[in-house]
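Engineer: Take a look at this one; I'll ask things after.
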Amino acid sequence: MADPIEGTVARWHDHLRGKLPGGLDELLHDDVVFYSPIVYTPQEGKAITRLYLEAAGQTLPGEPREDGAGEGGDRAGRFRYTKQVLSGDTAVLEFETTVEGTYVNGVDIIRCDEEGRIVEFRVMIRPLQAVNRVHQQMAAMLEAMKGAGA
């Protein structure tokens, strides 16, 4: 039998492609805990986790890298997963992108329950310049989303 995380990660990728009916509401457990690379305290609950993940989706698409590195033409430098390790109820997905000319490398660590709902989502980012750039972008995006009533 497959590990529960396999289906969860497949649905996560479907969500990122805009092909998951129900989106994050379907994926996230009501009591999910989100660990941000920027905020010290864990963020608890589906609503705040959805807000952070939606803001990240708007912030981290990045733009083409000047050196042309990355996959496929106009997607060079855009957010993409480069590696994934799945075991039991946990996945580690390494990603890279470019935000305002700054290379961002990080991992999403996702843990699910037996039903395949995400119960923990942890994001780590490097290098320091990337952490600072993402912090600026996420703060602006969260403020804009809260102002728009998201």
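Engineer: Where residues in segment 100-150 are part of a loop (DSSP other than H, G, I, E, B) and acidic (Asp, Glu), which of them is surrounded by the most Cβ atoms within 10 Å (Cβ to Cβ)?
Structural biologist: Going through the qualifying residues, I end up with 113.
Engineer: Right, something else. So, residue 33, is that one under 23 Å from residue 88 (Cα atoms), not in a helix (DSSP H, G or I) and not basic (Lys, Arg) or not? Give the steps one after another, and end with the answer.
Structural biologist: On the way: under 23 Å from residue 88 (Cα atoms): yes; not in a helix (DSSP H, G or I): yes; not basic (Lys, Arg): yes.
So residue 33 passes the test.
Engineer: Now, a different point. When the residues of segment 85-99 are filtered to those that are of a type in the set (D, E, K, R) and part of a strand (DSSP E or B), which remaining residue is surrounded by the most Cβ atoms within 10 Å (Cβ to Cβ)?
Structural biologist: So the residue we want is 96.
Engineer: Here's another thing I want to ask about it. Has segment 61-84 got at least one residue that is at pLDDT 95 or above and surrounded by 16 or more Cβ atoms within 10 Å (Cβ to Cβ)?
Structural biologist: So far as segment 61-84 goes, yes, one or more of its residues are at pLDDT 95 or above and surrounded by 16 or more Cβ atoms within 10 Å (Cβ to Cβ).
The values are calculated or read from the model by the stated rules, or taken from the named source; none is laboratory data. Here the structure is a predicted model, which means the values were calculated and not measured. Note: ideal-geometry Cβ built from the backbone for every residue, glycine included; neighbour counts use all protein chains shown.
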